[in-house]
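Take a look at this one; I'll ask things after.
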């Protein structure tokens, strides 16, 4: 199976059309759960555009000028250059450094009370409004330039989803991706070099057993709570998505609210064909193209010590049970 390139970032097979509503399929949850893979798999479906973790576009993209998923530095990527021109008349006009500062000023875990009750702080409301106004223009431009109907954002963090919810023009759909917590924690402990640095090499963030386990509880718990706000919500397990990708893609497309294509030719028997994309942040596999073999990553079974396995299981057991994982690590 050969991959098909996406020079304009997605939306293959559909003509560009005026965007009235910003339809976002938001992959929520906690990192190292397979969100980059799912993002790109769904992004191959006609009418969808995959952009990775868009929450970090200002810092990772503009300020640090890291590599886009297409392999070009962000400042040199034709797709993102068109998006910046469409949204702001050029990225410089958006004051990306200020947008990066605003992101840290309004989108942190301790801002949750202000997101749920904006009346608590007039200053926070003003900063959040400036920030989401810029996001509104950004998301509209991405859909316009790509010609897509649905934008896939794998930023995961629930506070960012709450910020997007403030936009009246957004049709936000939550796709909650979860993975066995033992696999997640083991992945957070690995030292992974980032291939997207445009200068000195650096490494992805790491967390210890306790820190990663607690974050697994918090971020997955908050993502599930988004359904109480009336946001369309779908739960999907990473292991199920890899073992039966067709069923996962059908569920994701139907959840996004657009018609299901007659065929999904990029899916094969245990493999998926990935074209060139324009993701701004995410797992290093965002640079992979061509045929990718789909195999559940269970390296934690041999790599995570018995002591650490027991600790992660004990800390995260309430969610493991909710998601259908057993103490032994088998999914029910």
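The values are calculated or read from the model by the stated rules, or taken from the named source; none is laboratory data. Here the structure is a predicted model, which is why all the values come from computation and not from measurement. Positions of Cβ are generated from backbone atoms using ideal geometry, with glycine treated the same way; all protein chains shown enter the neighbour counts.
If I ask for residues that are under 25 Å from residue 194 (Cβ atoms), in a helix (DSSP H, G or I) and out of contact with any strand residue (DSSP E or B) (no Cβ under 8 Å at 6 or more places or on another chain), which ones from region 285-301 would you list?
Within region 285-301, 286, 300 meet the criteria.
With the condition being free of Cβ contacts under 8 Å to residues at least 24 places away in the same chain, I'd like the helices (runs of 4 or more DSSP H) fully within region 104-187 carrying at least 3 qualifying residues.
122-146
A further question follows. Take the residues of region 52-66 that are within 14 Å of residue 153 (Cα to Cα) and surrounded by 24 or more Cβ atoms within 10 Å (Cβ to Cβ): which is farthest from the chain's Cα centre (by Cα)?
For region 52-66, the residue satisfying everything is 57.
I need the full set of residues from region 67-90 which are within 16 Å of residue 139 (Cα to Cα) and under 22 Å from the mean Cα position of the chain (by Cα), in order please.
Scanning region 67-90 gives 79, 80, 81, 82, 83, 84, 87.
Further question on the same structure: Residue check: is residue 75 assigned to a helix (DSSP H, G or I) and crowded, with 16+ Cβ neighbours inside 10 Å?
Taking the combined requirement at face value, the residue does not satisfy it.
Tally the residues that are touching a strand residue (DSSP E or B) at 6+ places or on another chain (Cβ under 8 Å) and either part of a helix (DSSP H, G or I) or more than 19 Å from residue 178 (Cβ to Cβ) (or both), restricting the search to region 211-239.
So the count comes out to 8.
Pairs under 7 Å by beta carbon, first residue part of a helix (DSSP H, G or I) in region 309-320, partner modelled with pLDDT under 95 and surrounded by fewer than 19 Cβ atoms within 10 Å (Cβ to Cβ), six or more apart or different chains?
Taking only residues 6 or more apart or on different chains, the pairs are 313/327.
Considering region 249-271 alone, what residues qualify as being touching a strand residue (DSSP E or B) at 6+ places or on another chain (Cβ under 6 Å) and either without any contact (Cβ under 8 Å) to a residue 12 or more places away in the chain or farther than 23 Å from residue 142 by Cβ (or both)?
Within region 249-271, 271 is the sole residue that qualifies.
On the basis of being farther than 27 Å from residue 113 by Cα and surrounded by 19 or more Cβ atoms within 10 Å (Cβ to Cβ), does residue 242 make the cut?
It is true that residue 242 is farther than 27 Å from residue 113 by Cα and surrounded by 19 or more Cβ atoms within 10 Å (Cβ to Cβ).
Answer yes or no as to whether residue 212 is touching a residue at least 12 places away in the same chain (Cβ under 8 Å), surrounded by 20 or more Cβ atoms within 10 Å (Cβ to Cβ) and over 20 Å from residue 287 (Cα atoms).
In short, yes.
Residue 242 - would you say it is in a loop (DSSP other than H, G, I, E, B) and at pLDDT 95 or above?
No; evaluated as a whole, the condition is false for this residue.
Another question, then. Of all residues in region 46-72 being in contact with a strand residue (DSSP E or B) (Cβ under 6 Å, 6 or more places away or on another chain) and part of a helix (DSSP H, G or I), which is farthest from residue 97 (Cα to Cα)?
Ranking the qualifying residues of region 46-72, first place goes to 54.
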